[in-house]
Amino acid sequence: MKIAVISDIHANYLALSKVLENISTFDKIFCLGDLILAGYDPNSTMDAIFKLKDRLKDDFVIIQGNTDKMVANCTDELIQKTKEAFACMGYSLEQDIKITKPEYIEYVRNLPEKRNLVINGLKIELVHGSPRNQSENIYPSLENDKVEEMVKESSADLILCGHTHIPCGYSLNNGKIVVNVGSVGRPMDEDKMPTYLELLIDDEGKFLFEHKKVPYDKELVKRHILTRNFKHCEDLANMF
Ligand SMILES: [Fe+2]
């Protein structure tokens, strides 16, 4: 069985489209959240997510990311706090909630924070940050003990996460495997290429995985973001 795990799309419709071209024949797609905030086209991104949901039915599994929760429960106070902490994100959030279709905001509001699945006996947990916290960072070069602490409440063999936008993986002493799948829409590693995880599971539940990168036109994304024309949007564009 061939599964693609995608995460952190952040309204980057071009990146999502390129990744979806690569995974069109996969048996299942798992999506680990952060769909709308701070990109250039939340509605086309969500149109594509809804098409996946309709095409794959139970083979499309999706959870909520921390910024989906921000978008869904946005208040003036949250916008102000976000502007103070990270200006371009705050100004984007303010505009994102105005331009995104209400049904899409309602959809991300109602997504579950995690999902547990069993495939051919393999127990898999899907989370955005870590099993204990939707906003916790599992990034490269953590000590194994720290990662073990973060995932200790999980009973899964394989824990799949996103949130940091940097792909990495851990094989823990307790036998668990933890994989951060990276980001489709705003990758933060060196080459900043849209990234997803290809996961192969055999009939006995044995698995193999590989991070896959998809080349695309970053300059075009920057130009799209600049057309949003909110305050500090050039800082967001420079992140690509
Ligand atoms: Fe994210």
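The values are calculated or read from the model by the stated rules, or taken from the named source; none is laboratory data. Quick caveat, the model's predicted, so the values are computed rather than measured. We place every Cβ from the backbone using ideal geometry, glycine too, and count neighbours over all the protein chains shown.
With respect to the conditions (1) β-branched (Val, Ile, Thr); (2) in contact (Cβ under 8 Å) with a residue 60 or more places away in the chain; (3) touching a helix residue (DSSP H, G or I) at 6+ places or on another chain (Cβ under 6 Å); (4) away from the ligand (no atom under 15 Å from the Cβ), VAL108 falls short on a single one, namely (4).
Report, by residue number, each residue of region 161-186 that is part of a loop (DSSP other than H, G, I, E, B) and over 10 Å from the mean Cα position of the chain (by Cα). Within region 161-186, ILE166, PRO167, LEU172, ASN173, ASN174, GLY175, LYS176 meet the criteria. Do the conditions hold for LEU93, that is, is it touching a residue at least 24 places away in the same chain (Cβ under 8 Å), surrounded by 18 or more Cβ atoms within 10 Å (Cβ to Cβ) and on the phi < 0 side of the Ramachandran plot? In short, yes. Restricting to region 24-52, give me the number of residues that are more than 25 Å from SER130 (Cα to Cα), assigned to a loop (DSSP other than H, G, I, E, B) and either modelled with pLDDT under 95 or not acidic (Asp, Glu) (or both). Residues meeting the conditions: 4.
Among the residues of region 193-240, the one identified as in contact (Cβ under 8 Å) with a residue 24 or more places away in the chain, aliphatic (A, V, I, L, M), part of a loop (DSSP other than H, G, I, E, B) and over 18 Å from TYR91 (Cα atoms) is VAL214. Exactly one condition in (1) within 15 Å of the ligand (Cβ to nearest atom); (2) under 28 Å from VAL179 (Cα atoms); (3) out of contact with any Pro (no Cβ under 9 Å at 6 or more places or on another chain) is false for LEU35; which is it? Of (1) within 15 Å of the ligand (Cβ to nearest atom); (2) under 28 Å from VAL179 (Cα atoms); (3) out of contact with any Pro (no Cβ under 9 Å at 6 or more places or on another chain), only one is false for LEU35: (3). When you look at LYS69, is it farther than 21 Å from HIS165 by Cα and surrounded by fewer than 24 Cβ atoms within 10 Å (Cβ to Cβ), yes or no? For LYS69, the condition - farther than 21 Å from HIS165 by Cα and surrounded by fewer than 24 Cβ atoms within 10 Å (Cβ to Cβ) - is not met. For ASP41, the requirement of being without any contact (Cβ under 8 Å) to a residue 40 or more places away in the chain, of a type outside the set (Lys, Arg) and either more than 16 Å from the ligand (Cβ to nearest atom) or in contact with a Phe, Trp or Tyr (Cβ under 8 Å, 6 or more places away or on another chain) (or both) is not met.
ILE119 meets the conditions (1) within 16 Å of the ligand (Cβ to nearest atom); (2) in contact (Cβ under 8 Å) with a residue 60 or more places away in the chain; (3) surrounded by fewer than 21 Cβ atoms within 10 Å (Cβ to Cβ) in every case but one. The failed one is (1).
The listed residues are GLU136, GLU149, GLU125, and the only one of them that is modelled with pLDDT of 95 or more and over 19 Å from the mean Cα position of the chain (by Cα) turns out to be GLU149.
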